[in-house]
Amino acid sequence: MVYATFALPLPRLVKPEAAVILPTPVELHRSPGGFTLDRQTAVHAGPGAGTAADLLRTLLAPATGLPLRRSPDGAVRLTLTPGEGEPEGYRLTVSDDGVRLTAATVAGLRHGVQTLRQLLPPQALSPDPSPGTPWWLPAVRITDAPRHAWRGLLVDVARHFQRLPFLLRLVDLLALHKLNVLHLHLTDDQGWRLPVDAYPRLTEVGSVRARSMVGRAGSTTYDPTPHQGAYTKAELGELVRYAAERGVTVVPEVGMPGHARAAIAAYPWLGNRPDRQLDVWTEWGVCENVLAVHPRVIDFCRTVLGETADLFPSEYLHLGGDECPTVEWEQSPAAVARAAELGLAGPKELHGWFLRTVGAEVLAMGRKPVCWAEDSLSGLPPEFTVMPWRDAAHGLAATRRGNPVVMAPYRSTYLDYPQSDRTDEPLGQAGAVVDLAAVHANEPAPADWSPAERALVLGTQAQLWSEFVTTRCEFDHLAFPRLTALADRAWNPDSDYTTDFLPALPEHRLRLAAAGVRVWR
């Protein structure tokens, strides 16, 4: 495994010839001169801009030690201008006289704050003090706004659990890249991490796996160390609050009707053979054990999703919905009878029925259901948001049925695939190499789609499934700089890989290193 590492203190890039920002701003004009933040620098926050001013102070304090006190005469001025500009857009001017940041929304001000951080020397991102560094900002005029409203990352904490500090650090890295969605994959066959008061055995039993497979699906080698972990409601509340302060929405995923063996291990009556005690699955791959379809299971889902909605104020609740083998339903007299009672053609149709039924419960809570795209789910109502992952063509088909989509095709967004074919590349999913260029080439709304089809594209996100990710170092290796590439194109579709992104990457690597990220190569 090869990492690019930098020993601090980093080179002091005090007065770069060009202001290097990632994601690439829509418009950036460099001017002579600049402005230095020092202990006398004060911040003026106009009406409604106080939270952004607090964020600026919070983010810069560890490295700079600057108080950035509030003052009506502050040289750094943050102003809300409602109704002027894009919802997440901002305008930033740095001159010899100071800094002017304006935006139509607090979200736009937050993005401008992240741009200000990147205009400073890389040490500004360090969690430790950097005494003696001149906190100089180059003179610029920036007008910027994202193309897509949904720009995110899925993190799988079900297969390998990650504690709260890992997630808080990740939120900071997402916000730095102007990514605004943390999709939290909380439950799967291999572990249940979500606290549910009504069903305590979900975490008492479902969060503990006796062993873990070593290698890809089908391996016969195991790590015998038990793997376990679950969040408390207080921890998830802290995550949601921390993320919201940085402009990141946490979207929870509770997988159903497949990817549910950990739940069935906790409560066997959830399965199609309630007389059988299963364990939390210790394999990788697709498990044939799925939820049963009797009314008590639907009540269970309603209760679990209700408690999930109470924890996560996100507009969206993700139901999983993919990779649902139907063999147990086909072999279950109760499931066959249930399909007939519902007027379905057969047990295979229970997959779509299940998601439509549970999706209606989500809608009744005032939220929007999300699921992964599958060929068997072509009949989902337009209220469902769909995530195509096998092929971008599934996204086009979904938009033609009226479903909003968040594009997540695995060949350009799955960061658990190897990023090169080198022999020293760590183990990843088989079948493809997802390199930096492929991620930057990700196009959520292709030009050959019709305007109506492109209008239903909410955005895009990367996925980092965790079969092969147990440590922060392994996560960093897989995520960066590929996540930076996805963020760049999700924000600015006109960013060119060769002339914009690659020239900006060396300085951005210094920023990531200052933040403690172990960057690949």
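Numbers below:
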item	result
In Å², nearest 10: area of Arg147 left accessible to a 1.4 Å probe	80
CD proxy at 222 nm, helix term only [per DSSP H run n ≥ 4: -39500 (n - 2.57); per residue of the chain; nearest 500]	-9000 deg cm²/dmol
Karplus (6.51, -1.76, 1.60) ³J(HN,Hα), θ = phi - 60°, over the stretch 489-498, in Hz, Gly and Pro reported as x	6, 5, 7, 10, x, 8, 5, 8, 4, 7
C-alpha long axis of helix 295-311 to longest principal axis of the chain, angle in °	10
Rounded to 10°, Cα long-axis angle of helix 233-245 versus longest principal axis of the chain	40
Built amide H within the under 5 Å cut-off of Ala42, gap 5+	Ala75, Val76
Relative pair counts by distance (%), Cα atoms of the stretch 177-277, 10 Å bins	14, 36, 32, 15, 2
Long-range HN-HN contacts of Gln461 with modeled amide H, under 5 Å	Gly152, Met407
Pair-distance profile P(r), taking every C-alpha pair of the stretch 240-348, with 5 angstrom steps and integer %	2, 11, 18, 21, 17, 13, 9, 5, 3, 1, 0
The stretch 349-488, dipole about Cα centre (Lys/Arg Cβ +1, Asp/Glu Cβ -1), debye to the nearest 20	500
Anchor Lys233: aspartates and glutamates whose Cα lies under 20 Å away (excluding residues fewer than 8 positions away in-chain)	Asp156, Asp188, Asp197, Glu204, Glu245, Glu253, Glu307, Asp310, Glu315
Pairs of alpha carbons in the stretch 287-426 whose separation is greater than 18 Å (percent)	61
Pair-distance profile P(r), taking every C-alpha pair of the chain, with 20 angstrom steps and integer %	22, 53, 23, 2
Solvent exposure ordering (accessible area, 1.4 Å, most first) of Asp188, Asp197, Asp38	Asp197, Asp38, Asp188
Translational diffusion of the stretch 370-521, µm² s⁻¹ [Kirkwood Rh, Cα pairs; Stokes-Einstein; 10 °C; 1.306 mPa s]	97
Accessible surface, 1.4 Å probe, highest first, among residues Asp496, Asp189	Asp496, Asp189
Distant-in-sequence amide H partners of Val251 (H built 1.01 Å from N, under 5 Å)	Leu182, His183, Leu184
Overall form of the stretch 454-521 per C-alpha gyration tensor (a/c, 1.5; a/b vs b/c)	oblate
In degrees, nearest ten, helix 50-64 long axis to first principal axis of the chain (Cα)	80
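The values are calculated or read from the model by the stated rules, or taken from the named source; none is laboratory data. The model shown is predicted, which means the values in this text are computed figures rather than measured ones. Counting neighbours? That spans all protein chains shown, and the Cβs are built from the backbone with ideal geometry, glycine included. These accessible areas exclude ligands, DNA and RNA; they are computed on the full protein's heavy atoms, side chains included. Shrake-Rupley method; radii C 1.70, N 1.55, O 1.52, S 1.80 Å.
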